Each structure stands twice: as structure tokens, then as C-alpha cells.
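Everything below concerns the one structure shown next.
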Amino acid sequence: MLRVQRLGIPSFIVCAAIFSAIAILSLRSRASDAPQKPQTAPKSETKGKEAEAFRNNTLGVAYMNQQKFAEAQKYFAKALTANAKFAIARLNLGIALLSQQKLEPARAALEEAARLLPSDPYAWYNLGLFYKDIGEPEKGIAAFQHVALYPKAIPQYNVGYGKFKGLMNEIEAKASGLFFAGHFRDGVSLGDSIVSGCNIVERVEKLLK
């Protein structure tokens, strides 16, 4: 929970900037190195493209978590332009397209993602949802049979948590200058945290104008 005062905004923005810089460096360090082949791009250029693909995929996930599927689609497409073999970005693109009811391109992306990620339950789950939505239940069942529970998945809010977010909105509306921020407010993923920090900075700037 943040209590913002006029004199404290410079240090707050500096902290937000430092957090964002650390997060981006962390994302770059976690990008995997694709196998090199003869007569391909230089190693440094290849790593640069992988980092660009990873960064755009992360931004796409952040937009998708905000229900901005068209914006998310653009970033997933950029990620695949940088690295056409980035299977996770292909899966995310399919989800963004399906959320916009762009069925034919969604089919192509999701089927390719399932082919590239044969052991990924999320790829098969979303492909199964697609088949269910277009009225192909037999294909949907076959896809769902690949789905398995992953016990170490990212934590999720309990059902009904929306009422607590509504309560936070009410408190902020009544107490000018009081802001709630963090994993308990806008999501637990790294992408959500980055977007949450940016949103808080924008809200504070508006308050102080």
C-alpha cells in the first residue's frame, strides 16, 4: 500500500524506474540461446533477436492480462518476427487471436503451438477451447486429453477475489493520494508487476498536476 505525498514523488518515480530496469535485465538474462547453424546470423545478432523476441512476448502478456488483446497481438507478432521459432509467443498469439474471435488465424497459431510444444498442457488446453468454440467436440476432447495439472504453476487469486479489488477502488476514491499497488492488486506475474508500476506512476502524476 502506498501513501503518496507531493514531496515524495521524485523518489517514488526513481524507485519505479529502477524496478523496471532490473526487471528488463532479468528478462534478458533468462532468454534461452537457440542452437546455431552454419551460415546463420552472427551469434551476437542472434542473441539480440532472442532478447527482442522475449521482451515483446512479455509486453504482449502484460497487455493480454489487461484484456487488451489487439495490442497483445501486435507484440506477439513482433516477437515472432524477431524469432519465428519462439513457440510460446506462437501460443500466446493464438490465444490473443481467439479472444478476438479471429478464428482462422487462431487455428493456425494454436495448432502450430501444439505441434511445437507437444508436452505443454496450456498449448493443448487452448487448442481444445478453440475446437470446443467452433463446434468440433471430438477434436476438443482429444486435445484436452493432453492436459495435466502442473503443481508448481504461478499462484492464482481465489474465486471471489474481485470483491477485494472493488473494495480497494472504493477506498482509493474516498482517500485522495492513497494508492494500492503490488501483486495483491493487479496480478502476480512479472509482466503484471511492470504494468502495475507504470499505471501507478501515471495516476500519481495526474494527481499532482
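Spot the failing condition for PHE130; the list is (1) of a type in the set (Phe, Trp, Tyr); (2) within 27 Å of PHE54 (Cβ to Cβ); (3) not assigned by TED's automatic domain parsing to the domain that holds VAL61, and only one is missed.
If we test PHE130 against (1) of a type in the set (Phe, Trp, Tyr); (2) within 27 Å of PHE54 (Cβ to Cβ); (3) not assigned by TED's automatic domain parsing to the domain that holds VAL61, just (3) comes out false.
Please determine whether any residue of region 156-166 is modelled with pLDDT of 85 or more and buried (at least 16 other Cβ atoms within 10 Å of the Cβ).
no
So is ASP120 assigned by TED's automatic domain parsing to the domain that holds LEU80 and either in contact with a Ser or Thr (Cβ under 7 Å, 6 or more places away or on another chain) or at negative phi (or both) or not? First the steps, then the outcome.
Working: assigned by TED's automatic domain parsing to the domain that holds LEU80: yes; either in contact with a Ser or Thr (Cβ under 7 Å, 6 or more places away or on another chain) or at negative phi (or both): yes.
Criteria met by ASP120.
Residues are listed down the side, and each one gets a yes or a no for (1) free of Cβ contacts under 8 Å to residues at least 24 places away in the same chain; (2) closer than 22 Å to ALA62 by Cα:
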{"position": "ALA79", "(1), (2)": "no, yes"}
{"position": "ASN83", "(1), (2)": "no, yes"}
{"position": "ALA89", "(1), (2)": "no, yes"}
{"position": "ASN92", "(1), (2)": "no, yes"}
{"position": "SER99", "(1), (2)": "no, yes"}
{"position": "GLU104", "(1), (2)": "yes, no"}
{"position": "LEU110", "(1), (2)": "yes, yes"}
{"position": "PRO121", "(1), (2)": "no, yes"}
{"position": "ASP133", "(1), (2)": "no, no"}
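If ALA108 satisfies every condition in (1) crowded, with 16+ Cβ neighbours inside 10 Å; (2) outside the structural domain of GLY187 (by TED's automatic domain parsing) but one, which is the exception?
Only one criterion in (1) crowded, with 16+ Cβ neighbours inside 10 Å; (2) outside the structural domain of GLY187 (by TED's automatic domain parsing) is unmet by ALA108, namely (1).
Please note which helices (runs of 4 or more DSSP H) are completely contained in region 74-173 and include at least 2 residues that are more than 22 Å from GLY191 (Cα to Cα) and aliphatic (A, V, I, L, M). If you could, list the steps in order and put the result at the bottom.
On the way: elements: 87-99, 103-116, 121-133, 137-144.
Helices (runs of 4 or more DSSP H) meeting the threshold: 103-116, 121-133, 137-144.
For region 181-188, state whether one or more residues are out of contact with any Ser or Thr (no Cβ under 8 Å at 6 or more places or on another chain) and either over 26 Å from GLY60 (Cβ atoms) or free of Cβ contacts under 8 Å to residues at least 24 places away in the same chain (or both).
Initially, region 181-188 is screened for residues out of contact with any Ser or Thr (no Cβ under 8 Å at 6 or more places or on another chain), giving 184, 188.
Filter once more, keeping what is either over 26 Å from GLY60 (Cβ atoms) or free of Cβ contacts under 8 Å to residues at least 24 places away in the same chain (or both): 184.
Yes: one or more hits.
Among the residues of region 130-143, how many are buried (at least 17 other Cβ atoms within 10 Å of the Cβ), at pLDDT below 90 and of a type in the set (A, V, I, L, M, F, W, C)? Before the answer, list the steps.
Applying the first criterion (buried (at least 17 other Cβ atoms within 10 Å of the Cβ)) to region 130-143 yields 130-131, 140, 143.
Among the residues that remain, those that are also at pLDDT below 90 are: 140, 143.
Narrowing further to those that are of a type in the set (A, V, I, L, M, F, W, C): 143.
Number satisfying all stated conditions: 1.
Pick out the one residue from SER32, SER26 that is assigned to a helix (DSSP H, G or I) and either exposed (fewer than 11 other Cβ atoms within 10 Å of the Cβ) or modelled with pLDDT of 90 or more (or both). So that I can check it myself, show each step before the final result.
Numbers: SER32 fails: assigned to a helix (DSSP H, G or I).
Step by step, each of SER32, SER26 is checked, and only SER26 is assigned to a helix (DSSP H, G or I) and either exposed (fewer than 11 other Cβ atoms within 10 Å of the Cβ) or modelled with pLDDT of 90 or more (or both).
The values are calculated or read from the model by the stated rules, or taken from the named source; none is laboratory data. Everything numeric here is computed off the predicted structure, so don't read it as measured data. Cβ: placed from backbone, ideal geometry, glycine included. Neighbour counts: every protein chain shown.
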